[in-house]
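S.K.: Take a look at the following structure, please.
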Amino acid sequence: MAVVRDGVHVESNVIASQTDLHARYGGVVPEQASRAHLRAILPTLEEALSEAATDWSDVDAIAVTHGPGLAGALLVGVNVAKGLAFALKKPLLGVNHLEGHVYANWLETNPGDEEPTFPLVALIVSGGHSDLVLSDGHGRYRRLGRTRDDAAGEAFDKVARLLGLGFPGGPAIEREAAHGDPTAFKFPRARLEPDSWDFSFSGLKTAVRHQVQALGIDPEHATPDERRAKLPIADLSASFQAAVVDVLATKAAAAAQTFGATRLALGGGVAANRTLLHTVEERAQLPVLCPPPRLCTDNAAMIAAAGYFRFSAGERSDLRLDVEPGLPIA
Ligand code: KG4
Ligand code: ZN
């Protein structure tokens, strides 16, 4: 839960992290996730209001994620938001989670930063999605490409598990990669057809798995300690990360060029990866936007920002707003 003023100023942004819970199970268990949501939501609301030193009378509208995502977790948020909107007679706005990741780029920009402008190409890379999107105005999207199999963040998480690193995998791999050689192993880059903006990461994941096996580790049964003791973790991490980053950065930069974008915006948990940002900046011929890492990973401020622009355009959701677990951005 977050309080955002004018779509850009973060007054509070409280994250009830489930990382410890998920780490215990090595990933997200849907039933656990929705129960944790339910436990956390009211205290989180209170905390966000008090941190922003405000109360409901000062709130103009309530934005909530209604998809995509896990149905159980979405239901908790949508029902609480509907209840509040009804009881407090406030406008309600259903926001697409992926759109939220794009709007994190409007938050907390510093003087001298490039402002977001349209048309922009956005690379949205998270645990569930890898979308390349063209936007020619607020709330207007055309999806150019998507992953055909694993999302980029999912690949990080699965490879981290193969290497005996913890959950979430992205930050763990980035840390290891910092002191590894990205050319130590030659992992494949799936370029797909020349006219496609889609991604594919399952072949890369399989290649890492075969490499791990060739290095004497049973990918099914080895303990995390055995993996970390036997494998060149830093070199494997750096080489894997280089392969993911190479494909993402090349395609995003090329799409921005091809579609005449004025900005290339990054978003989603994987955009917290500094090697990705620096590589995109090297390859793109236009200003690159990327939120600070804590606004790349899931947070409520980005949903409020997206909701603000929809609210300003006169849009309202009605109280029949429902969860849409498979909602695409376009
Ligand atoms: O957007 P997000 O917080 O949640 C979803 O909407 O899925 O993204 C989470 C994903 C995870 O797969 C996590 O491993 C990845 O983002 N991630 C990273 C980094 N930080 C988080 N991947 C690479 N490098 C990072 N520094
Ligand atoms: Zn996300």
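The values are calculated or read from the model by the stated rules, or taken from the named source; none is laboratory data. Everything numeric in this text was worked out from a predicted model, so none of it was measured. Don't worry about glycine lacking a Cβ; one is built from the backbone with ideal geometry, like all the others, and counts go over all protein chains shown. Please note that ligands, DNA and RNA were not included when accessible areas were found on the heavy atoms of the full protein model with its side chains. Shrake-Rupley method; radii C 1.70, N 1.55, O 1.52, S 1.80 Å.
S.K.: Taking every pair of Cα atoms in the chain, average 1/r, invert it to obtain the Kirkwood radius, and report Rg/Rh to two decimals.
M.R.: 0.98
S.K.: Using only the Cα atoms of the range 2-54, what semi-axes does the equivalent ellipsoid have when each is the square root of 5 times a gyration tensor eigenvalue? Give whole Å, largest first.
M.R.: With the √(5λ) rule applied to the range 2-54, the semi-axes are 27, 12, 8 Å.
S.K.: Shape verdict for the range 178-221, please, from the Cα gyration tensor: rounded (a/c under 1.5), prolate (a/b greater than b/c) or oblate.
M.R.: Oblate.
S.K.: Okay, helix-only estimate at 222 nm for the chain: each DSSP H run of n ≥ 4 adds -39500 (n - 2.57), divide by all residues, round to 500 deg cm²/dmol; what do you get?
M.R.: One gets -14000 deg cm²/dmol as the mean residue ellipticity at 222 nm.
S.K.: At each listed q (0.14, 0.21, 0.32 Å⁻¹), what is the log10 of I(q)/I(0) that the Debye formula gives for the range 275-324 modelled as equal alpha-carbon point scatterers?
M.R.: One equal scatterer on each Cα of the range 275-324 leads to -0.60, -0.88, -1.15.
S.K.: For the chain, return all DSSP H helices satisfying: extent of Cα atoms along own axis at least 27 Å; mean Kyte-Doolittle hydropathy at least -1.0.
M.R.: Span-like helices, by this rule, are 30-51, 233-258.
S.K.: Let me ask another. Suppose the chain between GLU281 and ALA16 were pulled fully straight at 0.36 nm per residue; how much longer would it get relative to their current alpha carbon spacing?
M.R.: 92.2 nm
S.K.: Of all accessible surface on the range 157-212 at a 1.4 Å probe, what whole percent is carbon and sulfur?
M.R.: 54 percent
S.K.: Please give the length that would be gained between SER50 and THR109 if that part of the chain were fully extended, namely 0.36 nm times their separation in residues minus their C-alpha to C-alpha distance (nm, one decimal).
M.R.: Roughly 18.9 nm would be gained on extension.
S.K.: Cα centroid distance between the range 125-150 and the range 1-76, in Å?
M.R.: The two parts, judged by their Cα centres, are 23 Å apart.
S.K.: Please report, to two decimal places, log10 I(q)/I(0) for the range 62-212 at q = 0.12, 0.15, 0.19, 0.20 Å⁻¹ as given by the Debye formula with identical point scatterers on the Cα atoms and no solvent.
M.R.: Scattering profile of the range 62-212, log10 relative to I(0): -0.71, -1.01, -1.25, -1.28.
S.K.: Another question, if that's okay. For the range 195-330, just say rounded, prolate or oblate: build the C-alpha gyration tensor, square-root its eigenvalues into a ≥ b ≥ c, call rounded for a/c under 1.5, and beyond that prolate if a/b exceeds b/c, oblate if not.
M.R.: prolate
S.K.: On the accessible surface of the range 78-123, probed at 1.4 Å, how many percent belong to carbon and sulfur atoms?
M.R.: 56 percent
S.K.: What value in Å³ per residue do you get for the convex hull of the alpha-carbon atoms in the range 35-129?
M.R.: Here the figure is 140 Å³ per residue.
S.K.: 5 Å is the cut-off here: which amide hydrogens, built 1.01 Å from N in the peptide plane, fall below it relative to GLU11, excluding neighbours closer than 5 in sequence?
M.R.: It is VAL3, VAL4, ARG5, by chain and number.
S.K.: Accessible area per residue of the chain at 1.4 Å probe, in Å²?
M.R.: So the chain comes to 45 Å² accessible per residue, rounded to a whole number.
S.K.: Counting only DSSP beta bridges with both residues in the chain, what percent are antiparallel, rounded to the nearest 5?
M.R.: Approximately 55 percent, going by the DSSP bridge assignments.
S.K.: May I pose another question? Between THR223 and PHE118, what is the label-point separation in nm under the 7 Å Cα-to-beta-carbon projection?
M.R.: Placing both labels 7 Å along Cα→Cβ, they lie 5.7 nm apart.
S.K.: If you don't mind, there's one more thing I want to ask. Which one, THR19, THR44, THR147, has the greatest fluctuation when you compute a Gaussian network model over the chain with C-alpha springs under 10 angstrom?
M.R.: Looking only at THR19, THR44, THR147, the biggest GNM fluctuation is shown by THR19.
S.K.: Roughly how many nanometres apart are two label points built 7 Å out from the Cα toward the Cβ at VAL59 and THR262?
M.R.: 3.4 nm
S.K.: Which of the three applies to the range 120-168, rounded, prolate or oblate, going by the alpha-carbon gyration tensor with a ≥ b ≥ c and a/c under 1.5 meaning rounded?
M.R.: It comes out prolate by the Cα gyration axes.
S.K.: Follow-up question, since we're still on this one. Alpha carbon centre of the range 222-241 versus the range 297-330: separation in Å?
M.R.: Between the Cα centre of the range 222-241 and that of the range 297-330, the gap is 40 Å.
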